[in-house]
Amino acid sequence: MPQRLPPLNALRLFEAAARHRSFKLAAAELNVTPGAVSHGIGALENMLGVELFVREPRGLSLSAAGEHYLPYIAEAFSLIAIGTRSLPDQRTRRSISITCAPTLAARWLVPRLADFRARWPNIDVSVDTSRRQAGFPVDGFDFGLRLSRGPVDGASWQRLFGERLVPVCSPAYRAMLTGADGSADLTRATLIHVDTASQDWQAWMDGAGIDGLDLHGGLRFDTVQLAFDAAAAGLGVVIGRRPLVDRELTAGTLVEASAMRVETQTAYWLCETPQASARADLVAFRNWLIEQAAGFVESDEERRHG
């Protein structure tokens, strides 16, 4: 059975009075009245069955029992203080850093950060989208989100989700391409290309087993955003990479121009420094990212089979 211990408040009164050798000074330290100190210690003595102090006209001194008891109580409070200081202070603001490509940050990470901030308001997040770390996973950062065929040396890696290539266009443009059988005839479409993803159309055609599209003509843009804007304006069909095109698909400004979705050979990976498991805030962010990725994969499966 658990051993019955004296009340913690009574022990605090005893420790302070014994240290000061004064009920009055102990009362001032603990912000109570001297009478409250005297009453609390009297109750403690009654419980223990011993006198802890010798009360004399000239002042207060410890009895033999009090002298014996004090070191144990003082050490106990010291251990409590040490243990308390060792706990992570949830009120202290902490900061974590993550590096990823600008498009992934804008289209996948940032829209989800409000959820993280709501759960952990005292953890600040620094997102770096410069390409200065493109050659190494996480050097100088706590985490990195990388598009890769697989892990490389230098960090701990975990696969989050793959990506799919899918042709997208505006609803009106899709209707214009749709034939009697309900499918879109992409041979009639103006193809929109992105300079930084110049092989996407060829990769989609190879994966879908489709040929006959003119990959040399059409419109070209230097950013994904401009290409999506052009497609939403009804200028043609562009290859969207899920999840980067999800925002437009959800809003309905873009629709899938073909049911053929092609898996790429790359995936998005979470890489982290070896120190990531040593801090509670980093563990929380890592687990949150994994949770968000799992939710995305689940919604993607529902979209595919819905």
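For the reader, a short list of remarks on this structure follows.
- Restricting the stretch 219-243 to residues that are of a type in the set (Val, Ile, Thr) and out of contact with any Ser or Thr (no Cβ under 6 Å at 6 or more places or on another chain) leaves a set whose member that is farthest from VAL255 (Cα to Cα) is THR223.
- Leading residue by the ranking (surrounded by the most Cβ atoms within 10 Å (Cβ to Cβ)) among those in the stretch 185-213 that are over 19 Å from ARG164 (Cα atoms) and touching a strand residue (DSSP E or B) at 6+ places or on another chain (Cβ under 7 Å): ALA189
Every residue, every condition in (1) modelled with pLDDT under 90; (2) basic (Lys, Arg), yes or no:
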site	(1), (2)
ALA180	yes, no
THR196	yes, no
PHE228	no, no
GLY236	no, no
SER258	no, no
GLN275	yes, no
ARG286	no, yes
GLN292	no, no
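- SER130 being modelled with pLDDT under 90 and closer than 30 Å to GLY252 by Cα: no
- Taking the stretch 5-95 and the helices (runs of 4 or more DSSP H) fully enclosed by it, the elements with 2 or more residues that are within 45 Å of the chain's Cα centre (by Cα) are at 8-20, 23-30, 64-86.
- Restricting the stretch 229-260 to residues that are touching a helix residue (DSSP H, G or I) at 6+ places or on another chain (Cβ under 6 Å) and of a type in the set (A, V, I, L, M, F, W, C), the residue that is nearest to ALA106 (Cα to Cα) is LEU244.
- For the stretch 268-295, a tally of residues being of a type in the set (Ser, Thr, Tyr), out of contact with any strand residue (DSSP E or B) (no Cβ under 7 Å at 6 or more places or on another chain) and surrounded by 13 or more Cβ atoms within 10 Å (Cβ to Cβ) returns 1.
- Exactly one residue out of SER258, SER277 is outside any helix (DSSP H, G or I) and among the hydroxyl-bearing types (Ser, Thr, Tyr): that is SER258.
The values are calculated or read from the model by the stated rules, or taken from the named source; none is laboratory data. These numbers come from a predicted model, not from an experiment. Note that each Cβ is placed from the backbone with ideal geometry, even for glycine, and that neighbours are counted across all protein chains shown.
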